[in-house]
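What follows is one structure encoded as structure tokens, with my remarks underneath.
Only the coordinates and a few stated rules stand behind these numbers; no lab work does. Everything numeric here is computed off the predicted structure, so don't read it as measured data. For neighbour counting, all protein chains shown are included, and Cβ atoms are generated from backbone atoms with ideal geometry for every residue, glycine included.
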Amino acid sequence: MTALSTQVCVAGAGPAGLVLAIALGRAGIDCTVVERRPRAYLEQQARAGFLEHRVVAYLREQGVAPGLDQGMSHARCEFRLPDRRFCLPYGELAGGFAHTVYPQHLLVADLIATLLAEGGKILFEYAITGVTGLDGDRPKVTCRADQGPPVDIACDLVAGCDGWRGVTRTAVPAGPRTVAVRYPFNWLTLLAEVPPDADQVVYALHDNGFAGQMPRTPKVSRFYLACPPESAVADWPDDRVWKELGERLSTGGAPAPRPGPILDKGMLAMRSAVTEPMQYGRLFLAGDSAHPLTPVGAKGMNLAIADAAHLAGAMTAYYRDGDESRLRGYSDSRLPLVWRAHEFSDRFLRMLHPAGSDYEDALGRSRWDQLERNSAAARVFAAEYVGSGPLIA
Ligand SMILES: Cc1cc2nc3c(=O)[nH]c(=O)nc-3n(C[C@H](O)[C@H](O)[C@H](O)COP(=O)(O)OP(=O)(O)OC[C@H]3O[C@@H](n4cnc5c(N)ncnc54)[C@H](O)[C@@H]3O)c2cc1C
């Protein structure tokens, strides 16, 4: 058994944990990050790509992600409905804002490099197995490397940034409750060496189900195909993928995407959840560990970084000024913004996946009409999509 000591133990080196650890280190707060994966894995695992302008402004201000300058700016999306296509210049509608498309694994690589260059500590390939003493003064995080002996890390505060499959959330004895939804379909997630279509996101509704095409880099696109909840990746050989993408994305008379090499294929169970409150004793949850959501609306990584920025300010006030009020108010400040993002993502998801009854299909058509023809409705949608209001309440 090895015993370590730190002020803040950060569980997980995803976007939330790394942003938090960098900010704490700069405030002179001793911090140890514990991550179960190897560094190389984190720097290669493709997931998100769309960053809100206010998150980009924060990352630039902190100077933590030099690669952001290579990111592509996106401010339009195209909707392909069975009977028509239309574009939404959401950036312009929202007052001149845009998303920056920068793949999550490149951002994570930038953040790891920044943290290590500034003397930060990350224990790679150490899996957290338990957290105890959250009600006392010195909680303990226990982790271990593969077959190695357990390592106990004594700390003042624990930041649970270990994603939905992490252990910090489950260490809470009682109190917080989790509410969740499982949608009745999966998404097949694909990365392909295919240049993005017309530099915009494409959302297509088809009788076979939803399909989407999102830019990632000038040469690589992410595609999504809605499929039944019992589907497995093995059900989707490449020729079936391209046939289905061709049919669904050419809806409304659009051209089908040109097939290219598929770099990554995954099956995503579409679910969202929120744990309330996002704190218990000396544990503070941030990002997907507290509120994972489907990729619809591109909110997950953005919320994770906003949580981390907020938590960094609250922990700094606690150590520097002895002011505990922001830490105590962390969950109450974050949850309204978390629920706004979940509400938008759920509403948008339901527009993209018609429920199938005649009544609900008619409601869906009415919502699309509103988005296309009612400029006030389009402006509200655009502001929610691109992200509006300050990053930290
Ligand atoms: C296909 C796809 C597309 C997406 N697109 C977007 C998008 O465009 N925009 C957007 O904002 N969001 C998007 N998201 C969501 C986004 O990827 C997540 O919301 C984001 O990764 C959350 O960051 P996080 O730091 O909270 O958690 P994570 O990134 O999950 O990081 C958690 C870390 O904790 C580590 N960990 C877990 N358990 C343990 C343990 N026991 N011990 C030690 N370490 C542990 C994990 O290895 C991981 O590195 C997408 C997600 C998917 C799957």
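Applied to segment 67-81, the Karplus parametrisation 6.51 cos²θ - 1.76 cosθ + 1.60 on θ = phi - 60° returns per-residue 3J(HN,Hα) values of x, 4, 5, 8, x, 9, 8, 9, 9, 9, 9, 10, 10, 10, 9 Hz, with x for Gly and Pro.
The calculated P(r) of segment 221-290, using every Cα pair and 10 Å bins from 0, goes 15, 34, 22, 17, 10, 2 in percent. One chain, two ends: Glu92 and Asn208. Fully extended at 0.36 nm per residue, the span grows by 38.5 nm beyond their Cα-Cα distance. Alpha-carbon geometry of segment 31-133: the Rg and the Dmax are 18.2, 59 Å, given in that order. The Rg/Rh ratio of segment 162-217, with Rg taken over Cα atoms and Rh as the Kirkwood radius over Cα pairs, comes to 1.16. When only alpha carbons are used to place a centre, segment 82-135 and segment 213-284 end up 18 Å from one another.
Cysteine residues of the chain whose C-beta has no other cysteine C-beta under 4.7 angstrom: Cys31, Cys77, Cys87, Cys143, Cys161, Cys227. Pull up the DSSP beta bridges for the chain and report the antiparallel fraction as a percent, rounded to 5. About 70 percent, rounded to the nearest 5. A simple spin-label model places pseudo-atoms 7 Å from Cα toward Cβ; at Glu43 and Ser357 they are separated by 5.3 nm. Scaled against 2.2 N^0.38 Å for its residue count N, the alpha carbon radius of gyration of the chain is 1.01.
Restricting the GluC sites (Glu not before Pro) of segment 273-364 to loop positions (DSSP other than H, G, I, E, B) with no more than 14 neighbouring Cβ atoms within 10 Å leaves Glu324. Listed values for segment 123-140 are Karplus-derived 3J(HN,Hα) couplings in whole Hz (6.51 cos²θ - 1.76 cosθ + 1.60, θ = phi - 60°), namely 8, 6, 6, 10, 9, 6, 10, x, 9, 10, x, 5, 7, x, 8, 9, x, 10, and x replaces Gly and Pro. Inverting the pair-averaged 1/r between distinct Cα atoms of segment 266-342 gives 13.1 Å as its Kirkwood hydrodynamic radius.
Relative to the longest principal axis of the Cα atoms of the chain, the long axis of helix 238-249 lies at roughly 70 degrees. Springs between Cα atoms under 10 Å define the GNM used for the chain, and in it the highest mean-square fluctuation of Gln213, Gln279, Gln44 occurs at Gln44.
Computed from Cα atoms, the angle from the helix 104-117 axis to the main principal axis of the chain rounds to 20 degrees.
Spatially, segment 40-79 and segment 357-380 are offset by 30 Å when compared through their Cα centroids. Each residue in Ser289, Ser250, Ser375 was given a count of other beta-carbon atoms within 10 angstrom of its own, and listing them fewest first yields Ser375, Ser250, Ser289. Projecting label points 7 angstrom from Cα along Cα→Cβ for Asn374 and Glu61 puts them 3.5 nm apart. A cut-off of 5 Å between modelled amide H atoms, ignoring neighbours fewer than 5 places along the same chain, links Ser5 with Ala154. In terms of Cα atoms, the Rg and Dmax of segment 3-90 work out to 18.4, 65 Å. Principal-axis analysis of the Cα atoms of the chain puts helix 15-26 at an angle of about 40° to the longest axis. Calculated FRET efficiency, Arg165 to Ser5, Cβ-Cβ distance, R0 = 22 Å: about 0.20 to the nearest 0.05.
Ranking Ala341, Asn302, Ser250 by Cα position along the charge dipole of segment 246-350, where only Lys, Arg, Asp and Glu carry charges on their C-beta atoms, puts Ser250 farthest toward the positive end. Counting other Cβ atoms within 10 Å as a rough exposure proxy, the listed residues Leu116, Leu4, Leu303 run Leu116, Leu4, Leu303 from fewest neighbours to most.
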